[in-house]
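Presented below is the structure to which this report refers.
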Amino acid sequence: MALPAATHSLSGQPVRAALAPGLLIGSGCALYPLGWDSEEVRQTCNNSSDQFQLGSCQIGWAYYCTGAGAAVAMLLCTWLACFAGKKQKQYPY
C-alpha cells in the first residue's frame, strides 16, 4: 500500500521555502571570492590578491560561520519542513 503523496513528497511549498534561503546564502558565499581582485582588496592585501587567491590577507571566522549557517539552513530547515505537513496521530480522547 503506497503512502499518500503529501507524506513522502519533497515538492511541497514548505520545503521550497526552507531550501531557498540556504541556497541564496550559499551562493553568496561561493561568489564572494570573485571580488578579491578588486582594487581595494589588492591595496589591502599588498597587491597580491586575485580571484579565489587572497594573497597575504586571511578569511575571518564570520565567512566560515556564514557557510555553516547556509548548510544548516538547507539541511535542517528542509528536513523539518518535510515533517511539517505530516498528519499527526489521532488520539481517542
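The values are calculated or read from the model by the stated rules, or taken from the named source; none is laboratory data. Just so we're clear, the structure is a prediction, and the values are computed from it rather than from any experiment. Cβ coordinates were reconstructed from backbone atoms using ideal geometry, including for glycine residues, and neighbour counts include every protein chain displayed.
Somewhere in region 23-42, is a residue surrounded by 15 or more Cβ atoms within 10 Å (Cβ to Cβ), small (G, A, S) and at pLDDT below 80? No, the conditions are met nowhere in region 23-42.
The condition (being under 26 Å from the mean Cα position of the chain (by Cα) and either among the aromatic types (F, W, Y) or modelled with pLDDT of 90 or more (or both)) is satisfied by just one residue among A20, A62: A62. Within the option set S49, S56, being more than 29 Å from R16 (Cβ to Cβ), at pLDDT below 90 and in contact with a Lys or Arg (Cβ under 6 Å, 6 or more places away or on another chain) holds for one residue only, S49. One residue stands out in region 50-93 among those that are in contact (Cβ under 8 Å) with a residue 60 or more places away in the chain and of a type outside the set (S, T, Y): the one that is surrounded by the fewest Cβ atoms within 10 Å (Cβ to Cβ), namely K87. When you check A73 against the structure, is it under 26 Å from A17 (Cβ atoms) and touching a Gly at 6+ places or on another chain (Cβ under 7 Å), yes or no? Against the criterion (under 26 Å from A17 (Cβ atoms) and touching a Gly at 6+ places or on another chain (Cβ under 7 Å)), A73 qualifies.
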